[in-house]
Amino acid sequence: MKTKRSSYVLGTVCLAALLIVSMFVAGCTSNGTTTSTAATPATTTSASAAATQVAVPATTAVPATTAVPTTAAQKQTITVTGSTTVLPIAQAAADAYMKLHPEANIQISGGGSGVGIQSIGAKTVDIGMSSRDVTKAELAKYPGFNIVTVAHDGIAVIVNPKNTIRYITIDQVNQIYTGKITKWTEITGAEVPNTNNQIVLIGRDSSSGTRTYFDETVLKSATPVKTMLEQNSNGAVAQSVAQTPGAIGYVSIGFVSSDVKALPIWYNANKIITPSISTVKDKTYPVSRDLYMITNGQPTGLTKDYIDYILSADGQKIVADQGYVPLTS
């Protein structure tokens, strides 16, 4: 009986010991799980930190990237178009100005005074060039025009060097372009050897300021004959006359060269006036005019600086170098 009781007590003790061991093992397992769970935020924090470190260079790189367009944007551009008479002045002045100011980009193109006035009126360019006065109708249409005189000019009547003519009158030029005189032999002292002496008329196109001024001043607003060959620039007129023995044409004095003969004008029946810078300057040459640059309103920025440069002493020297008459002596 005593032996059975001892066995029972021993079994109970063993069972209790087993239960304690089981609880200890369970506690260890629970601690491992807790440790593992606590590790997860640590891993997440580490990844976040890594991501932040990668983002820093990307963020700091943005100013470096945007700095390039900012530098490029400092390059200022203006466009100038119109009169082929004013064009040599505008181009030479632009080249000189851009050498002094590398950040400036001044783009010059021709097309005629009409194109220059229409373009500045439509605000598709920054400056319009004209070798004729702006009409009252144009001023009414574009009341914001600011017109600046940049130089003076004369229109020379030119013939081929083979022509023996020494001078011509305004009236004779009028009669030639209106078809009343058709042969060189109808003018005293004029002859083109080895030809039939037929006069070949060379003129400008309808958008030309030189054409407008010539028609109003020399032709007294008469319409030239339809046989006149129209050219779109002073240079093209000069080239055609140089290549055609019987030709006559008219160009700005800035385009007179040894390839053509610029005819003196017998004026007021007692003076023979040669087209030149000096005779335009002293206003003795009868076919002279002003040259203009036009803006919409008062110019600002690069547009103003460029026009101011042309009006400066250096700019007016460029005017003279190009064969035109500067505003000041």
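Worth a mention:
- Meets criteria (in contact (Cβ under 8 Å) with a residue 12 or more places away in the chain and either aromatic (Phe, Trp, Tyr) or farther than 30 Å from Thr185 by Cβ (or both)) for Asp95: no
- Highlighted here are the strands (runs of 3 or more DSSP E) found entirely within region 240-320 that include at least 2 residues which are of a type outside the set (Phe, Trp, Tyr) and either in contact with an Asp or Glu (Cβ under 8 Å, 6 or more places away or on another chain) or at pLDDT below 95 (or both): 271-273, 288-296.
- Single condition Thr328 does not satisfy, out of (1) touching a residue at least 60 places away in the same chain (Cβ under 8 Å); (2) β-branched (Val, Ile, Thr); (3) touching a helix residue (DSSP H, G or I) at 6+ places or on another chain (Cβ under 8 Å): (1)
- Subset of region 281-310 (residues that are buried (at least 20 other Cβ atoms within 10 Å of the Cβ) and among the hydrophobic types (A, V, I, L, M, F, W, C)): Val287, Leu291, Met293, Ile294, Ile307, Ile310
- The combined condition, being out of contact with any Leu (no Cβ under 7 Å at 6 or more places or on another chain), under 25 Å from Ile277 (Cα atoms) and of a type in the set (S, T, N, Q), is not fulfilled by Gln175.
- Some residue of region 184-200 being polar (S, T, N, Q), surrounded by fewer than 19 Cβ atoms within 10 Å (Cβ to Cβ) and assigned to a strand (DSSP E or B): yes
The values are calculated or read from the model by the stated rules, or taken from the named source; none is laboratory data. Since the model is a prediction, treat every value here as computed from it, not as a measurement. For neighbour counting, all protein chains shown are included, and Cβ atoms are generated from backbone atoms with ideal geometry for every residue, glycine included.
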